[in-house]
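Asks: Here's a structure for you.
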Amino acid sequence: MNQEKFNALVNLMDDPSDNVYSIIKKQLLIEGYKIKPLLETAWENQTNELALKRIENIIQKIEFNYIENKFKEWVDNDSNNLAIGVYLITKLNYPELSFSDFENNFEQIKTDVWLEINQNLTAIEKIDIINKILFNFHKLKPNATNSKSIQNAYINEVFQYKNGDAFSIGLIYLILAQKLNLPIYGVDLPNTFILAYKDNTNDIFDVFDKDTNVLFYINPFVKGGKFNKKEIELFIKQQKLTFKKKYFKPCSNKLVINKYINYLKNMYSKINSTEKIAQLDKLLSYIDKSLLY
């Protein structure tokens, strides 16, 4: 779309007719993400309240369409990279966040861990190094006093303020582990988010549970505390959950994202944010569909 046509459409934004606005909106949405900078400039130069609201609405729709398309691509082709999936969900709430800025949060931590870790260390020794770097050196800590704040659930906020909830700290831990090529996975256990260190050596004498090949479990929210399946069994009883084998098994990145989206939906429902819930539901539909196959 050339500048002249764009200006003509923007000049009609204050037209009181909803039909006129619908036509303008449709044409601008076809242009997609590339037209967002022009719309932002038009918004900054606009004084009419109706036009301001309409431009803002179109920008938000363009942003969501972009995220939706990228998220679908992630589900179909790139789900091995958990960082991308988490980034796209984060971008729903922080549209100006770039992937490079999101990734940069991990780079120094990854380097600090990499300098101390080596293949001769045991699994427990590797986890001890991650715990030291994350929680002692970089000072990440659980926000127990304000754990229900939505900001605590987003990784970029955790890196900025050094406080997070069980899910955001767990996601940081898991993404970092994947960047270090460690065999650490999420676990599909309800009402919490824990990780599993899976045995990749095929040494049955090092495995707590032959059905899962899990050496031990990790709770990032308590500074990477390690535990075994007996504590999961106790948790299941305390939560009055029906016993399921999947509660002990490492799960895919798609299931981790499924848990994360549902977690965010629950938090947004407490503040009656219907628009955010609808957006999350849309992303969730792609995950749910892929898990059926």
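The values are calculated or read from the model by the stated rules, or taken from the named source; none is laboratory data. Keep in mind the model is a prediction, meaning the values are calculated, not measured. Cβ atoms come from the backbone with ideal geometry, glycine included; neighbour counts cover every protein chain shown.
Asks: Condition check: aliphatic (A, V, I, L, M), part of a strand (DSSP E or B) and either at pLDDT 95 or above or under 19 Å from Asn81 (Cα atoms) (or both). Does Ile236 satisfy that?
Replies: Criteria not met by Ile236.
Asks: Mind listing whichever residues of segment 40-57 are assigned to a helix (DSSP H, G or I) and either of a type in the set (S, T, N, Q) or under 22 Å from the mean Cα position of the chain (by Cα) (or both)?
Replies: Hits for segment 40-57 are Thr41, Asn57.
Asks: Continuing with this model, one more query. Which of the following residues is outside any loop (DSSP other than H, G, I, E, B) and either in contact with a His (Cβ under 9 Å, 6 or more places away or on another chain) or modelled with pLDDT under 95 (or both): Phe243, Phe205?
Replies: Phe205
Asks: Are any of the residues in segment 170-186 over 24 Å from Ile67 (Cβ atoms), modelled with pLDDT of 95 or more and touching a Phe, Trp or Tyr at 6+ places or on another chain (Cβ under 6 Å)?
Replies: Among the residues of segment 170-186, at least one is over 24 Å from Ile67 (Cβ atoms), modelled with pLDDT of 95 or more and touching a Phe, Trp or Tyr at 6+ places or on another chain (Cβ under 6 Å), which makes the answer yes.
Asks: So the check is Cβ under 9 Å with 6+ separation or different chains; which pairs have a first residue in segment 87-116 that's more than 24 Å from Glu68 (Cβ to Cβ) and among the basic types (Lys, Arg) and a second one that's in a helix (DSSP H, G or I) and modelled with pLDDT of 95 or more?
Replies: Going by the 9 Å Cβ cut-off, the qualifying pairs are Lys110/Leu176; Lys110/Lys179.
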